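Have a look at the structure below, then the notes.
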Amino acid sequence: MMPHPRNRTGLFGSNQDGIAAVEFAMLLPIMITLFFGVVETSMALLCRADVSKMASTAADLISQANAPATSDIANAYAATGVLLYPYYDPSVAGSAKPSIRITSVVDDGSGAVGKDHLTGTVAWTCTQSGSGVLSPAIAVGQPVTLPQPLMTDGGSLIIAEVAYDYQSPTTQLLATSMNFTNNFYTKPRRVLQIPSPTGGCPP
């Protein structure tokens, strides 16, 4: 016997076949967005941490030298760049390398005697040009104001700066590039002032 029309309406209303598929289709775009958001944000944070390690590594390597040569600066660039793998891989054509600037700032005599002070003068600087933007520009003889009273009488500081233009490999949420930068200050380990590299800066 055929059910009464009212009963058929009730059966149709209570039929829940396919509801799970509809709910999944509605949630899928949100789930995909969350997935790419977590992946891209995590990769960007890891790259940002690598840039920080690069700056401290470059400064530490040069601060151990008595009188660096051109090859020492080039080796510092190369060793520092390794830390950025897999974002930067020199064996891959077109892989954008980081910008690295290593600078020696010496005491300019303007501070109070016997106290650490905030100022110095650029004695020499070497830069590896890359994808990142290092700002501001600096030149030999330029006065420098330090973030803390780090300069000692007759001493110097090595400042390493790194900049990398990070681009997400998926570009689903982070569609634009981000200029990650970091700098690190350290004092020479063996001499008061490290002279400019013998042979000049690497080309």
### Query
From the list Leu173, Leu134, which residue is within 21 Å of the chain's Cα centre (by Cα), assigned to a loop (DSSP other than H, G, I, E, B) and at pLDDT 95 or above?
Leu134
### Task
Take the range 114-145 and flag every residue that is touching an Asp or Glu at 6+ places or on another chain (Cβ under 9 Å), among the aliphatic types (A, V, I, L, M) and surrounded by fewer than 17 Cβ atoms within 10 Å (Cβ to Cβ).
Val133
### Message
For the range 50-75, give me each residue that is small (Gly, Ala, Ser), in contact with a strand residue (DSSP E or B) (Cβ under 7 Å, 6 or more places away or on another chain), surrounded by 13 or more Cβ atoms within 10 Å (Cβ to Cβ) and over 12 Å from Val162 (Cα atoms).
### Response
Ser63, Ala69
### Query
Within the range 36-70, can you find the residues that are of a type in the set (Gly, Ala, Ser) and part of a helix (DSSP H, G or I)?
Gly37, Ser42, Ala44, Ala49, Ser52, Ala55, Ser56, Ala58, Ala59, Ser63
### Query
Is it the case that the range 170-187 has a residue that's surrounded by fewer than 17 Cβ atoms within 10 Å (Cβ to Cβ), within 24 Å of Asp72 (Cβ to Cβ) and in contact (Cβ under 8 Å) with a residue 12 or more places away in the chain?
yes
### Query
Checking Gly154 against (1) within 12 Å of the chain's Cα centre (by Cα); (2) within 20 Å of Ser196 (Cα to Cα), which single condition isn't satisfied?
(1)
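The values are calculated or read from the model by the stated rules, or taken from the named source; none is laboratory data. What you are looking at is a predicted structure, and each value in this text was computed from that prediction instead of being measured. Because the Cβ atoms are built from the backbone with ideal geometry, glycine has one as well, and the counts that use them run over all protein chains shown.
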